[in-house]
Amino acid sequence: MEFKFDISSVLRKPISVFTADSLPRHPALLERVIEVIDELGVASAKAQGLRGPVTTSHKLRANPTHRVYVMKSNEPGNSPPSDPSPDHPDYHDGPRSKKRRGSAAIGIVKVGIKSLFLVDEYGRHLQVSPLCVLDFYVHEDFQRQGCGRKLFDYMLTIEMQRPGHLAYDRPSPKLTAFLKKHYGLSEYIHQPNNFVVYKEYGLACLHID
Ligand code: ACO
């Protein structure tokens, strides 16, 4: 997904994290971040056949526990970032770096804490506040090339989480296939509220209020 401006002016790292508090204060930069987040949110909703976007800059600003991770490509139309770890030299390149010019925003994952009533595998009702995966999308041109895995792994590292300890809001078949392939998650407990939690680590792993 390309924009009229150089997205490296607002996405300085291979994967950037935005919260309500960390949005740029400069009006011009804020406007750019809003455009990137909103467009990725719309594309994600379209890919999932949703009526409206789950991810918008407006919702991000209204929810202090929400964090949006945005991935960009290295170069226009090129392969995914080779290594988004903080030790990679790309992290320290300035925003004017030539190799950044023309790169595209290619993926988004949004997480946030929600208070949920869930049923465990024994039928017990629990009120828990897990970190939830609320939205996840990689641009169609970059799917099935490992971008989703890099983005998700980065989010897990920053959040200090394991995939089976998260709750998933209405996971799509692509997401359940992704979780099975990369993290071996297969047995899940579908909840009346359309969230999914996996049996592998059990609800005992979630924080119980
Ligand atoms: N059909 C089935 N499984 C798929 C598909 C597909 N079209 N695309 C990706 N996957 C799964 C498969 O397990 C695939 O492995 P395979 O190619 O060996 O079969 C694996 O994901 C690929 O892993 P990555 O390349 O690391 O992931 P990718 O970059 O494709 O991103 C994502 C995965 C985000 C789910 C992407 O496919 C996507 O954006 N899908 C459309 C939007 C969507 O469904 N998002 C989840 C919504 S639910 C929620 O957010 C809580």
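Looking at segment 107-121, which of its residues are open to solvent by 40 Å² or more (accessible area, probe 1.4 Å) and either modelled with pLDDT under 90 or within 15 Å of the ligand (Cβ to nearest atom) (or both)?
Step one: filter segment 107-121 for residues open to solvent by 40 Å² or more (accessible area, probe 1.4 Å), giving 113-115, 117, 121.
Those that are open to solvent by 40 Å² or more (accessible area, probe 1.4 Å) and either modelled with pLDDT under 90 or within 15 Å of the ligand (Cβ to nearest atom) (or both): ILE113, LYS114, GLU121.
Take the residues in segment 122-156 that are of a type in the set (A, V, I, L, M, F, W, C) and near the ligand (Cβ under 7 Å from one of its atoms), then tell me which one is nearest to TYR198 (Cα to Cα).
Our first condition is that a residue be of a type in the set (A, V, I, L, M, F, W, C); within segment 122-156, this holds for 126, 128, 131-134, 136, 138, 142, 147, 151-152, 155-156.
From the residues that got through so far, the ones that are near the ligand (Cβ under 7 Å from one of its atoms) too are 133-134, 136, 138, 142, 147.
Values: VAL133: 13, LEU134: 15, PHE136: 17, VAL138: 23, PHE142: 27, CYS147: 23 Å.
Across segment 122-156, the extreme among qualifying residues is VAL133.
Limited to segment 160-176, what total is found for residues that are open to solvent by less than 60 Å² (accessible area, probe 1.4 Å), within 6 Å of the ligand (Cβ to nearest atom) and outside any loop (DSSP other than H, G, I, E, B)?
Residues flagged as open to solvent by less than 60 Å² (accessible area, probe 1.4 Å), within 6 Å of the ligand (Cβ to nearest atom) and outside any loop (DSSP other than H, G, I, E, B) within segment 160-176 amount to 3.
Test GLU187 against the stated conditions and say whether it is within 16 Å of the chain's Cα centre (by Cα), acidic (Asp, Glu) and farther than 24 Å from LYS46 by Cα. Quick ask: steps written out before the conclusion?
Numbers: within 16 Å of the chain's Cα centre (by Cα): no; acidic (Asp, Glu): yes; farther than 24 Å from LYS46 by Cα: yes.
No, not satisfied.
For GLU187, which of the numbered conditions (1) open to solvent by less than 30 Å² (accessible area, probe 1.4 Å); (2) touching a residue at least 12 places away in the same chain (Cβ under 8 Å) fails to hold?
(1)
So the check is Cβ under 6 Å with 6+ separation or different chains; which pairs have a first residue in segment 144-167 that's on the phi > 0 side of the Ramachandran plot and a second one that's buried (at least 19 other Cβ atoms within 10 Å of the Cβ) and in a helix (DSSP H, G or I)?
Every condition considered, no pair remains.
The values are calculated or read from the model by the stated rules, or taken from the named source; none is laboratory data. Fair warning: this is a prediction, and the values are worked out from it, not measured in the lab. All Cβ positions, glycine included, derive from the backbone under ideal geometry; neighbour counts span all protein chains shown. The accessibility values were calculated without ligands, DNA or RNA, using every heavy atom of the protein model including side chains. Shrake-Rupley method; radii C 1.70, N 1.55, O 1.52, S 1.80 Å.
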